[in-house]
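The values are calculated or read from the model by the stated rules, or taken from the named source; none is laboratory data. None of the values given here were measured: they were computed from a predicted structure. Here the Cβ positions follow ideal geometry from the backbone for every residue, glycine too, while neighbour counts run over all protein chains shown. Side chains are part of the model used for accessible areas, which takes the heavy atoms of the whole protein and leaves out ligands, DNA and RNA. Shrake-Rupley method; radii C 1.70, N 1.55, O 1.52, S 1.80 Å.
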Amino acid sequence: QVHLAESGGGLVQPGDSLRLSCAASGRTVSFVGMGWFRQTAGEEREFVAAMDTTGRRAWYGDSVKGRFTVTRDNAKNTGYLQMNSLNAEDTAVYYCALYIRGIWSDRRSVGYWGQGTQVTVSD
């Protein structure tokens, strides 16, 4: 069994930064990477960012390139999403993901999801 524990969401103002964390536990050795999706009400879950297990390669959704950075600490089995220059369009529930395939933007590549953490960007 695998468990993903997310933290770090909250309410921030436009232009602020926020860092999300995702701690993985259990049988995670077979996964090929860790990443993040986000979802707003009535919309499909959108790919945000992903990193392979080596930590040397990362991929980003077009809407967050240059503002968000995904990293991981393999010793802690934890992934992070640093979000800078946040704007109202970034408001969503953010989900941590463990991948079983390396098609990073495809939700069907995800084997396990975190419970989600709300990020709200508002004045």
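Set the Cα radius of gyration of the chain against 2.2 N^0.38 Å, with N its number of residues, and you get 0.97. For the chain, the relative contact order comes to 35 percent (Cα pairs under 8 Å, sequence separation of at least 6). Basic side chains Lys and Arg get +1 at the Cβ, acidic Asp and Glu get -1 at the Cβ, and with that the dipole of the chain about its Cα centre reaches some 580 debye. Surface composition of the chain: carbon and sulfur atoms hold 46% of the protein heavy-atom accessible area at a 1.4 Å probe. Using a Gaussian network model of the chain in which every pair of alpha carbons under 10 angstrom is joined by a spring, one finds that among GLY61, GLY111, GLY42 the greatest mean-square fluctuation is at GLY42. A Förster radius of 30 Å, combined with the Cβ-Cβ distance separating THR120 from ARG27, puts the computed FRET efficiency at roughly 0.35. Each Lys or Arg adds one and each Asp or Glu subtracts one; over the other residues with Cβ under 10 Å from the Cβ of TRP104, this totals 0. Rounded to the nearest whole Hz, the Karplus-based 3J(HN,Hα) values (6.51 cos²θ - 1.76 cosθ + 1.60, θ = phi - 60°) of segment 49-63 follow the sequence 6, 8, 9, 6, 5, 6, x, 9, 10, 9, 9, 9, x, 4, 6, with x at glycine and proline.
Accessible area ranking (1.4 Å probe, heavy atoms, ligands and nucleic acids excluded), largest first, for TYR94, TYR112: TYR112, TYR94. Once the convex hull of all Cα atoms in segment 32-91 is built, its volume per residue stands at 91 Å³. Of ARG45, ARG72, ARG108, which has the largest mean-square fluctuation in a 10 Å C-alpha GNM of the chain? Its mean-square fluctuation being the largest, the pick is ARG108.
Of the residues ARG19, ARG67, ranked by 1.4 Å probe accessible area with the largest first, the sequence reads ARG19, ARG67. Taking GluC sites (Glu not before Pro) as exposed when DSSP calls them loop and at most 13 other C-beta atoms lie within 10 angstrom, the chain has its longest site-free stretch at 45-123. Projection of the Cα convex hull of segment 79-123, averaged over all directions and equal to a quarter of that hull's surface, yields 3.8 nm².
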